[in-house]
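S.K.: Take a look at the following structure, please.
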Amino acid sequence: MISSTLRPLTGRIIAVLILLVYSLASPADQNDPALDGLFERLAITTNDEEASNITREIWQRWTANDDPEVSQLMQIGIRALNYSTYRRALQSFDRVIEMAPEFAEGWNKRATLYYHIREYQRSIDDIKETLQLEPRHFGAWSGLGLVSIAQENYSGALAAFKKALSINPHIANIRRYVQKLEDWQRREDEENAI
């Protein structure tokens, strides 16, 4: 008698627990719902330390992945990239993209690798994939600016850097690039006006 009374209750408890687990588990990547609030705070803060902390948290969320194998491959790839072991980094990032093609940071890290080995068109292709998945990826916009400079496309670099700053206005080195490129643009315009 008790078991027949508890059976419907047990089913409800299990259903509630499943819903609770799914509601507490936040996606760990560019789809993390906490990112919206972080970007809002990043846009309005005037405190450099707070901006740095928010930026770091955004990067942590972008780099996180719920699949332990993907996370491990990302760490291997990042470590290899940091040590300029490019072949190993490429193998890791290729595998990440194969396993998790909707994971923006996999594409972004491989774009960074391609930039380092001067495969600029491949870098641009991966940046496009990154931005399709996460249009707010100020790191990818910054990377596009660097690739554009390497290709001597200074107006393209300026546009990409300005986009990065419109998302994260606290990237000091990108602000310096923008200033230099705007100075260059002004000189070009003056020379062409004569």
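All of the numbers you see were taken from the coordinates with simple rules; none came from a lab. What you see is a predicted model; the values in this text were computed from it and never measured. So basically every Cβ, Gly included, is an ideal-geometry build from the backbone, and we count neighbours across all protein chains shown.
S.K.: Where does each of His137, His170 land when they are ranked from fewest to most other beta-carbon atoms within 10 angstrom? Mind showing how you got there, number by number?
M.R.: Numbers: His137 25, His170 19.
By the 10 Å Cβ count, ascending, the order reads His170, His137.
S.K.: Would you order Met99, Met74 from fewest to most other beta-carbon atoms within 10 Å of each residue's own beta-carbon?
M.R.: Working: Met99 14, Met74 23.
Ascending number of Cβ neighbours within 10 Å: Met99, Met74.
S.K.: Taking square-rooted eigenvalues a ≥ b ≥ c of the alpha carbon gyration tensor, is the range 84-137 rounded, prolate or oblate, where a/c under 1.5 means rounded and, failing that, a/b exceeding b/c means prolate? Spell out each step's value before the answer.
M.R.: Details: a/c = 2.30, a/b = 1.26, b/c = 1.83.
It is oblate, given that a/c is not under 1.5 and a/b is not larger than b/c.
S.K.: Report Rg/Rh for the range 136-194, rounded to two decimals, where Rg is the Cα radius of gyration and Rh the Kirkwood radius.
M.R.: Working: Rg = 11.7 Å, Rh = 11.4 Å.
Reported Rg/Rh (Cα atoms, Kirkwood Rh): 1.02.
S.K.: Something else: Cα-Cα pairs above 30 Å in the chain: how many percent? Walk me through the numbers before you get to the answer.
M.R.: On the way: 6356 of 18721 pairs.
Pairs farther apart than 30 Å: 34 percent.
S.K.: Could I ask something else about it? With 10 angstrom as the radius, rank Asp66, Asp48, Asp126 by how many other C-beta atoms surround their C-beta, starting from the fewest. It would help to have the intermediate numbers written out before the result.
M.R.: Working: Asp66 13, Asp48 10, Asp126 25.
The most exposed by this proxy come first: Asp48, Asp66, Asp126.
S.K.: Over the alpha-carbon set of the range 45-121, work out the extent along each principal axis and list the three values in angstrom, largest first.
M.R.: Its Cα atoms span 40, 29, 23 Å along the three principal axes.
S.K.: As I understand it, the value is the acute angle between the Cα axis of helix 34-44 and the longest principal axis of the Cα atoms of the chain; what does it come to in degrees, rounded to 10?
M.R.: Once rounded, the angle reads 40 degrees.
S.K.: Here is a further query. For the Cα atoms of the chain, what angle does the longest principal axis make with the long axis of helix 172-193, in degrees from 0 to 90, nearest 10?
M.R.: The answer is roughly 40 degrees.
S.K.: Let me ask you something else. Calculate how steeply helix 68-82 sits against the longest principal axis of the alpha-carbon atoms of the chain, using the helix alpha-carbon long axis, and give the answer as 0 to 90 degrees to the nearest 10.
M.R.: Taking the Cα atoms of the chain, the angle to 68-82 is about 20 degrees.
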